[in-house]
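Everything below concerns the one structure shown next.
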Amino acid sequence: MPEPEKVTINLSVVDLGQIDVLVEEGYYSSRTDFLRTAARAQLEKQSEALNQIVRRRGLTIGVVHLNRAELEEHFQKGESLDVRVVGMLAIDAEVPPQLAGAVIRNLQVYGVVRATRAVRAALGIKERRSPAD
């Protein structure tokens, strides 16, 4: 699995203080542990809705990895790809931007894209400005 991504959130001082009390009392090992647990609980609570959305939109959950040979094969066959990912899209560094742009027709990534700046630009992926984006 890839390394976890960092996010930034704003909480009220009261919410943050309550989290700190729970951490100090040993309910959670850290603020991060509390927030990760809360996020997982909400995702589990909404799992049926998420599953329906994933099916309806034809999304892939997990990590999708694309390499040069695979994209060249699609290009040679005149095929294009619709890439819809919940998680991470990883495009190898040796993939030329022109090849990625020619083969990947539609792109939706809910999560993280790992690719060179040139490939990101060719696919119209904006650079993240801060960990909160």
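Scanning the stretch 11-52 for residues that are under 27 Å from the mean Cα position of the chain (by Cα) and outside any helix (DSSP H, G or I) returns 11, 12, 28, 29, 30, 46.
Checked against (1) part of a strand (DSSP E or B); (2) touching a Lys or Arg at 6+ places or on another chain (Cβ under 7 Å), residue 94 passes all but a single condition, namely (1). Screening the candidates 119, 112 for the property of being more than 21 Å from residue 43 (Cα to Cα) and touching a Gly at 6+ places or on another chain (Cβ under 9 Å) yields one hit, 119.
Residue check: is residue 124 closer than 30 Å to residue 43 by Cα, of a type outside the set (D, E, K, R) and part of a loop (DSSP other than H, G, I, E, B)? Yes, satisfied. Only one of the listed residues (11, 22, 50, 59) is within 28 Å of residue 116 (Cβ to Cβ), surrounded by 12 or more Cβ atoms within 10 Å (Cβ to Cβ) and modelled with pLDDT of 95 or more. That residue is 59. Residues in the stretch 70-85 that are out of contact with any strand residue (DSSP E or B) (no Cβ under 9 Å at 6 or more places or on another chain) and not in a helix (DSSP H, G or I): 77, 78, 79.
Cβ separations smaller than 7 Å between residues 6+ apart or across chains give no pair from the stretch 43-57 residues that are in contact (Cβ under 8 Å) with a residue 12 or more places away in the chain and within 16 Å of residue 85 (Cβ to Cβ) to residues that are part of a helix (DSSP H, G or I) and among the charged types (D, E, K, R).
Please indicate, with yes or no, whether at least one residue in the stretch 78-99 is of a type in the set (Val, Ile, Thr), crowded, with 16+ Cβ neighbours inside 10 Å and under 23 Å from residue 8 (Cα atoms). Yes, the conditions are met somewhere in the stretch 78-99.
The values are calculated or read from the model by the stated rules, or taken from the named source; none is laboratory data. Treat the numbers as computed from the prediction; the structure is a model and nothing was measured. Reconstructed Cβ throughout: ideal geometry from the backbone, glycine too, with neighbour counts over all protein chains shown.
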